[in-house]
Amino acid sequence: MGLKKGPFIVADTVSVLDAYDVNAGAILLPSTIPPTPLVVATVDVCVKHPQNIQVSLDTMAQIAVTAAGGDVSATFEVTYEILRNGEVIATINDEMDYVPTSTTPPGRHTNFPNFPLVDNNPSAGINTYDLRCTRVTPDENIQLLFIASRSIKATVITL
C-alpha cells in the first residue's frame, strides 16, 4: 500500500490565553518610526514539481489593543504581509477603529482578521512562508498593540 495522494498540510499555530500578556505568548508590536515589521508565524513547504503544485495559505492573527483612556475612541492600522522566501507576495492594510462600549472591558479591544491566499508559483525546494505584521502608525490613544493567537496553514495541492 502506498500513500494516499491528496493535499498535504503544514501549520504553525500559537494559542494565547491572555491576549494582553507577553508572558502568555502575545507579541507586542512596537510603536516606532519607521514602523518595525515582525514575523509572527512561519511554515516550511517542500515542493518537488512546482508546475503541478498549488499552495493554499490561510492565516489569522488576533489583534489586541489597549487604549490610553478607557473611554477614548481611536483608529489604528496594521499591515499583514505573506512572504515566500523573504519576498512579499501579498499585503493587506487593515485600518481598525477602537470604540469603547458598555459590553467591552474598559480600554480593551480584540479583532481576529484572517488572510487567505493561493500561491500558484511556488519554487522548487523548500519554501518558507511567513506571516508578518506591522503597526503602521503610532496613535497616542492606543497605548499597546499585541498580536496574540496566530496561525499560518499551508495546504499543498497537487494539480
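Tabulated data for the structure shown
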{"item": "Some residue of the stretch 31-50 being outside any strand (DSSP E or B), among the small types (Gly, Ala, Ser), within 13 Å of Phe146 (Cα to Cα) and under 13 Å from the mean Cα position of the chain (by Cα)", "result": "no"}
{"item": "Tyr80 modelled with pLDDT of 90 or more, closer than 23 Å to Val16 by Cα and surrounded by 18 or more Cβ atoms within 10 Å (Cβ to Cβ)", "result": "yes"}
{"item": "Every residue from the stretch 123-146 that is in contact with a Ser or Thr (Cβ under 6 Å, 6 or more places away or on another chain) and either more than 19 Å from Asn93 (Cα to Cα) or among the aliphatic types (A, V, I, L, M) (or both)", "result": "Leu131, Val136, Gln143, Leu144"}
{"item": "Boolean, Val65 is farther than 29 Å from Asn120 by Cα, in contact with a helix residue (DSSP H, G or I) (Cβ under 7 Å, 6 or more places away or on another chain) and either buried (at least 16 other Cβ atoms within 10 Å of the Cβ) or at pLDDT 95 or above (or both)", "result": "no"}
{"item": "Residue tally, condition more than 19 Å from Val65 (Cβ to Cβ), loosely packed, with under 11 Cβ neighbours inside 10 Å and at pLDDT 90 or above, over the stretch 1-20", "result": "0"}
{"item": "Residue satisfying condition, being small (Gly, Ala, Ser) and within 22 Å of Val16 (Cα to Cα), within set Ser56, Ser73, Ser149, Ser123", "result": "Ser149"}
{"item": "Residues (crowded, with 17+ Cβ neighbours inside 10 Å and within 20 Å of Arg135 (Cα to Cα)) located in the stretch 36-55", "result": "Pro37, Val40, Ala41"}
{"item": "Contacts under 9 angstrom Cβ, first residue in the stretch 96-109 being surrounded by 11 or more Cβ atoms within 10 Å (Cβ to Cβ) and at pLDDT 65 or above, partner in a loop (DSSP other than H, G, I, E, B) and of a type in the set (Val, Ile, Thr), 6 or more apart", "result": "Tyr98/Val72; Pro100/Val72; His109/Val99"}
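The values are calculated or read from the model by the stated rules, or taken from the named source; none is laboratory data. Note that this is a predicted model, so its numbers are computed, not measured. Neighbour counts are summed over all protein chains in view; Cβ atoms, including those assigned to glycine, are modelled from backbone coordinates with ideal geometry.
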